[in-house]
Amino acid sequence: KKSEALKARQEELMRRSLPKRKSIPGVDNVILVSSGKGGVGKSTVSVNIAAALMQHKSNPAVGILDADLFGPSLPTMMNVSGLPELTPQNNMIPLVNFGIKCMSMGLLVDPKNAVVWRGPMVMGALNKLLNQTDWGSLDFLVVDTPPGTGDVLLSLAQTIDIAGAIVVSTPQKVAQIDAVKGIDMFKKVHVPVLGLVENMSGFVCGSCGHITQVFGSNDLQSLVEGSGAEIIGKVPLDPGLVQSSDNGQPLVLSFPDSAPTKEFHKIADIIVNKLSSN
């Protein structure tokens, strides 16, 4: 009992020392899309969730922020380029494509140059993207975060008023274990987890429809039992995903009848329903 009391006291002191969370002006719901490790298709999931939300029957205004400062992929995936224009208050105006407002560090630096920054510069750049961007009025801002549970994700979770987080994994056990760690991190910083998305969940043959479990079929639900999180989508592999991402158009828009698109629309429905009921 003493150890539990000590732990509770330590957590209380940590909460007191954290900066007060603040909302982003004009943005109703900030949604973090994260993953325990890289290579699970988090950015692809982020872009297609944003596109599916934009097409939702409630007709919401949607934006997407690429917070992966060292490996920004939004300019390629959303086919946006060029420096953002500035308001009279020197705030950046997001670029718009497919009806979605877009902001990324990839728009502010030469795409051929690596971002080689230490912590303070990274946090300064993140602050600029968050607080010096004129988002106008948005119902949803999808934030594509860096993989892992490092400084950028932690800073977002502790300083911004977050409506909820989505954790992306693959069927591989090594990715699932890290996804569970991601859920635990969000619980510790009191950010609600809207659900898990299992990406690359089998390959659907274009000829016969047979599903091949390319990355295995480990039961993700059994790993997250007790965490309070649920699987809200299983997105299968589709050749159109590569084609659409490279062409700078979300799969949801370029292949509207595909199996992954139907899954992304289901995920968007769940997100809207969960947040509208809060």
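The values are calculated or read from the model by the stated rules, or taken from the named source; none is laboratory data. If you're wondering where the values come from, they're calculated on a predicted model, not measured in any experiment. Heads up, the Cβs are rebuilt from the backbone with ideal geometry, glycines too, and the neighbour counts pull from every protein chain shown. All accessible areas refer to the heavy atoms of the entire protein, side chains included, with ligands and DNA or RNA removed. Shrake-Rupley method; radii C 1.70, N 1.55, O 1.52, S 1.80 Å.
When the listed pairs K128/K266; K101/K188; K187/K266; K57/K187; K22/K181 are checked against a 29 Å cut-off, the alpha-carbon distance exceeds it for K128/K266; K101/K188; K57/K187. Going 7 Å from the Cα of K128 along its beta-carbon direction, which residues of the stretch 54-72 have the amide nitrogen within less than 20 Å of the resulting point? Within reach of a label on K128: 64-72. Distance between the modelled labels on L83 and D151, one decimal in nanometres: 2.6 nm (7 Å Cα→Cβ projection).
A full extension of the chain between K173 and D257 corresponds to an added length of 27.2 nm, given 0.36 nm per residue minus the alpha carbon distance.
Accessible area per residue for the stretch 53-201 is 43 Å², calculated with a 1.4 Å probe on protein heavy atoms, without ligands, DNA or RNA. Set the Förster radius R0 to 41 Å, insert the Cβ-Cβ distance between F70 and E230 as r into 1/(1 + (r/R0)^6), and round the FRET efficiency to 0.05. Efficiency, rounded to the nearest 0.05: 0.85. The peptide list 91-97, 59-65, put in order of mean Cβ contacts within 10 Å with the highest first, becomes 59-65, 91-97.
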